[in-house]
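Encoded as structure tokens, the structure appears first; notes follow it.
The values are calculated or read from the model by the stated rules, or taken from the named source; none is laboratory data. For clarity, every value in this text was computed on a predicted model and none was experimentally measured. Positions of Cβ are backbone-derived with ideal geometry, glycine not excepted, and every protein chain shown enters the neighbour counts.
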Amino acid sequence: MSAAWLLFLPIALPFAGAVLAFIAGRAGDRRAPQWVNVGTTALMTLVSLLLLSAVWRDGPQAIQMGGWAAPFGITLVADILGAVMVVITALSGLAVAVYAMADIDEGRAKLGWHALYLVLLAGVTGAFLTGDLFNLYVWFEVMLIASFCLLVLGGDKAQLDGGLRYVALNLVATVMFLMAIGLLYGLTGTLNMADLHVTLKTVDAPGLVTTIAVLFLGAFGIKSAVFPLFFWLPASYHVPPVAVSAIFAALLTKVGVYALIRLFTLVFTADVDYTHGILLVIAGATMVTGVLGAAAQNQVRKILSFHIISQIGYMVMGLALYTPLALLGAVFYLVHHIIVKANLFLVGGVAKRITGSFELDRIGGLYKAKPWLAVLFLIPALSLAGIPPLSGFWAKLVLIEASLEVEAWVIAGVALVVGLLTVFSMSKIWLEAFWKPHPDGDAAVGAVALTRGETVALVAPIVLLASITVIIGLAPQPFLDLAARSAQELLAPEAYVRVVLGGLP
Amino acid sequence: MSTLILRTMGRLLAAVLILFSLYMLLRGHNDPGGGFIGGLICALGIVIGSLGEGSRRARRALRIAPRLIAAAGLAVALIAGFSAALAGKPFLTGLWMTVGGSHVGTPILFDVGVYLVVIGATLALLLALEEDAGRVNAGEVEEEE
Amino acid sequence: MEPWLAILTGLLTACALYLVMCRNLVRIVLGTVLLAHAINLAVLTSGRLTRAIPPIAQGEGGVPETAANALPQALILTAIVISFGLLMSVLVLAVRLRRVLGTVDTDRFRAAEPPPDVAAAEDEHRRHEA
């Protein structure tokens, strides 16, 4: 397949799947949309793997949409970072789509849940593949509308309320984003990111450029839920069905982090001391507040939501340190985190199915009843905390090594302490949900029996994601190589710029 | 809401607006206009009609569920984009041919897709709001305070 | 003209932020609308302001030198479309919220994050029912 196909199929496939799922839901069997969803995400995974191998072999790939040459048209471009993110999106999308078969009730499916889910994935991959800032804004909006609809679909009270919190703050973020785009265009006359890389060097208005950079930082900061802009996340992630929580936790904030990495390596590198200095402070504060917030919570999904925030801090830390090793760590962390986080939410959902609640004081006895689930919980939980030999250990190790390399002792210390506190939170879930007996006696565990099909749909994605975590942990070298290539490309984006601005293929 | 004036004029306005929306859609080819604005005008016409006649009649007159219209529109737009890719050009490139002296191409197909998406999405939301308000007025839904 | 529009943008943004920070749900919705308009105005200003010269190529001559930049206007058009769609969804959400919670005072929206005592009471209630 040519590069052109590989670049637009990851975006076009989910859109086509969404249409198909919607029409199938109207016309055919009530299970049809589920299968369309699983089939589409499986195809996406395949295509994105082909894309990654093409990028690995031949370097960054780009196509000009509609045949309009950059910087005037919209460019789709994939370097290693973009391609890796698309692969991970498709993989986690597939896992959650399988899980959704047993998690999404018929009412929601009828309202078009599966179609919306695919539109969300299209928005996410679009954001990862676009080379144009305004186009990125459009993908962010596609994501926002789809995610908002998924959040409130089926609408009980809590969902509507959480939806309001989510949409109000994210609206402010997109408005800031648009404002920054307007100012940047007024300053440079282009919005193509590769072109901006070239043009901004000739602009002699350092104050204005830094102002715009900070506006972008604010916009993506809200999106990626960094300190002090994270309040929407723990207020809304615990209300929708588990499948929705899981895909949100895996992807949405990470698109914000991706945008930060892209902009602050490709476009805004003029005043690194200032912008990346802010980023470093934010990173530290995000890690600490996230993990402390989690310690204060008593509900599985809320604890996990706060941990998303603290983990975002690690990725931003990698970007802020701005060395090859640190960026390598950030990219590796992104990949590891998406898989682990989606998995933890899925395990939490299964635990709720078996014990009947997300509240830690109301549940227990899982270890005795379902020891296999305990193992499946421990893999992502320990990985999140950074226990060797799982994926999180390598991710944290690289980042801390990078911070020691530039003698940033404080942030290294913060990262280590936050790692310890993460262990505390995970052991809280372990003790309360798995170890202690159920408050209503052993009979309450598994009171609602799952059918065989449901069990397979619920457990298969967890096993898939857990085995990826273990594989990354036991054989980290290929993944580190990938991240290293990506960091190299990010710090020296000449190839990226050349392939975008090189005219029509 | 259902007064004599609104009922009489609503039907008329609906017909005129739908026709005008088609004009807008085609005009967008070379002049200001296009699928989005056309779709909005069309949806507006249908909503004005439904204000007089009731949303149930509007839905029956449509025959197709608004959301399905939106999905069909998305499909049409995708086909317009894909056809360029199948011809070996980048996604969304315009393909042109001459039919009876005038240029016809995939951009117009894409615009039709946008037109349908806008009609479908707007109607789905507006009719839902209208029915919601209708239920409150009829006292079917209790409002807590 | 530009300074005036800049001031106007600032004013609109200030009003919008005031509205968004109100407790009343309707005001919040109106605030987001106003905010979107303010930003659109700013983007429009960034693309140069001219009167009555459409940025459309005139035959072989190309676009007149003095015409406004067309791209920001295209961007705004897209932004308007998107904010329109978003506004509709938020409006539907607001109507629903008012219905199920019986109030537009956001301080009394405690469904997603109930205070601890209320949560405990509700939980107890649910256990009794089960």
*asked:* For a quick check of your reading of the model, give me the residue pairs whose first member lies in region A:222-242 and is at positive phi, whose second is surrounded by 24 or more Cβ atoms within 10 Å (Cβ to Cβ) and part of a helix (DSSP H, G or I), with beta-carbon atoms closer than 7 Å and at least 6 apart or on different chains.
replied: A:ALA225/A:LEU233; A:ALA225/A:THR253; A:ALA225/A:ILE308; A:ALA225/A:ILE309; A:ALA225/A:ILE312
*A:TRP56 fails exactly one of the following numbered conditions: (1) surrounded by fewer than 23 Cβ atoms within 10 Å (Cβ to Cβ); (2) over 27 Å from A:ALA466 (Cβ atoms); (3) not aliphatic (A, V, I, L, M). What is the number of that condition?*
(2)
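Take the conditions modelled with pLDDT of 90 or more, crowded, with 20+ Cβ neighbours inside 10 Å and among the β-branched types (Val, Ile, Thr) and apply them to C:THR9. Does it pass?
Judged against the criteria, C:THR9 is a match.
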*asked:* Let me confirm something: among B:GLY49, B:GLY28, B:GLY33, which residue is over 22 Å from B:ALA128 (Cβ atoms) and crowded, with 20+ Cβ neighbours inside 10 Å?
replied: B:GLY28
_Between C:ILE80, C:ILE39, C:ILE56, which is modelled with pLDDT under 70 and either under 14 Å from the mean Cα position of the chain (by Cα) or away from chain A (no Cβ under 11 Å) (or both)?_
C:ILE56
*Among the candidates A:THR451, A:THR455, single out the residue that is surrounded by fewer than 19 Cβ atoms within 10 Å (Cβ to Cβ), farther than 19 Å from A:LYS341 by Cα, in contact with a helix residue (DSSP H, G or I) (Cβ under 9 Å, 6 or more places away or on another chain) and modelled with pLDDT of 85 or more.*
A:THR455
*Any hit, region A:246-255, residues being at pLDDT 90 or above, closer than 30 Å to A:ALA69 by Cβ and crowded, with 24+ Cβ neighbours inside 10 Å*: yes
*If we scan region B:43-59, do we find a residue that is within 29 Å of A:ALA62 (Cα to Cα) and over 12 Å from the mean Cα position of the chain (by Cα)?*
no
*asked:* Where the second residue is of a type in the set (Lys, Arg) and buried (at least 23 other Cβ atoms within 10 Å of the Cβ) and the first is touching a residue at least 40 places away in the same chain (Cβ under 8 Å) and lies in region A:163-185, which pairs have Cβ atoms under 9 Å and are six or more apart or on separate chains?
replied: A:ASN170/A:LYS223; A:ALA173/A:LYS223; A:THR174/A:LYS223; A:PHE177/A:LYS223
*Determine which single condition A:VAL138 fails, assuming it passes every other condition in (1) more than 8 Å from every other protein chain (Cβ to nearest Cβ); (2) among the β-branched types (Val, Ile, Thr); (3) over 23 Å from C:ASP107 (Cα atoms).*
(1)
*asked:* Looking at region B:53-64 only, could you name the residues that are touching a residue at least 24 places away in the same chain (Cβ under 8 Å) and among the aliphatic types (A, V, I, L, M)?
replied: B:ALA58, B:LEU62
*State all residues of region A:209-251 that are hydrophobic (A, V, I, L, M, F, W, C) and in a loop (DSSP other than H, G, I, E, B); if no residue qualifies, say none.*
A:ALA225, A:VAL226, A:PHE227, A:LEU229, A:PHE230, A:PHE231, A:VAL239
*Residues being part of a helix (DSSP H, G or I) and surrounded by 20 or more Cβ atoms within 10 Å (Cβ to Cβ) - total across region A:189-208*: 6
*Can you tell which of A:SER383, A:SER310, A:SER305 is in a helix (DSSP H, G or I), hydroxyl-bearing (Ser, Thr, Tyr) and in contact with a Pro (Cβ under 9 Å, 6 or more places away or on another chain)?*
A:SER305
*Scan region A:154-162 and give yes if some residue there is over 18 Å from the mean Cα position of the chain (by Cα), in a helix (DSSP H, G or I), within 14 Å of another protein chain (Cβ to nearest Cβ) and among the basic types (Lys, Arg), otherwise no.*
yes
_Name the residue that is farthest from A:ILE309 (Cα to Cα), counting only residues in region A:398-424 that are charged (D, E, K, R) and assigned to a helix (DSSP H, G or I)._
A:GLU405
*Identify the residue in region A:56-96 that is of a type in the set (Gly, Ala, Ser) and closer than 14 Å to A:ALA3 by Cβ and, among all such residues, is farthest from the other protein chains (Cβ to nearest Cβ).*
A:GLY59
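The rows are residues; the columns are (1) away from chain A (no Cβ under 12 Å); (2) part of a strand (DSSP E or B); (3) free of Cβ contacts under 8 Å to residues at least 24 places away in the same chain; (4) under 24 Å from B:MET24 (Cα atoms).
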| position | (1), (2), (3), (4) |
| --- | --- |
| B:LEU51 | yes, no, no, yes |
| B:VAL76 | no, no, no, yes |
| B:ILE79 | no, no, no, yes |
| B:GLY88 | no, no, yes, no |
| B:LEU92 | no, no, yes, yes |
*asked:* Residues to consider are B:SER21, B:SER55; find the one that is among the hydroxyl-bearing types (Ser, Thr, Tyr) and modelled with pLDDT under 90.
replied: B:SER55
*Examine region A:102-125 for a residue that is touching a Lys or Arg at 6+ places or on another chain (Cβ under 8 Å) and away from every other protein chain (no Cβ under 12 Å), and state whether such a residue exists.*
yes
*Tell me which of these A:VAL172 doesn't satisfy, since it passes every other one: (1) closer than 17 Å to A:TYR137 by Cα; (2) more than 8 Å from chain C (Cβ to nearest Cβ).*
(2)
*asked:* Please go through region A:20-46 and give me each residue that is surrounded by fewer than 24 Cβ atoms within 10 Å (Cβ to Cβ) and modelled with pLDDT of 85 or more, ordered by number.
replied: A:LEU20, A:ALA32, A:GLN34, A:TRP35, A:VAL38, A:GLY39, A:ALA42, A:LEU43, A:THR45, A:LEU46
*asked:* Can you find a residue that is more than 18 Å from B:ALA84 (Cα to Cα), hydroxyl-bearing (Ser, Thr, Tyr) and at pLDDT 80 or above anywhere in region A:62-77?
replied: no
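To keep it simple, each residue is scored yes or no on (1) surrounded by fewer than 23 Cβ atoms within 10 Å (Cβ to Cβ); (2) under 22 Å from A:THR41 (Cα atoms); (3) modelled with pLDDT under 90; (4) not basic (Lys, Arg).
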site: A:THR125; (1), (2), (3), (4): no, yes, no, yes
site: A:THR130; (1), (2), (3), (4): no, yes, no, yes
site: A:GLY154; (1), (2), (3), (4): yes, no, yes, yes
site: A:ALA168; (1), (2), (3), (4): yes, no, yes, yes
site: A:PHE177; (1), (2), (3), (4): no, no, no, yes
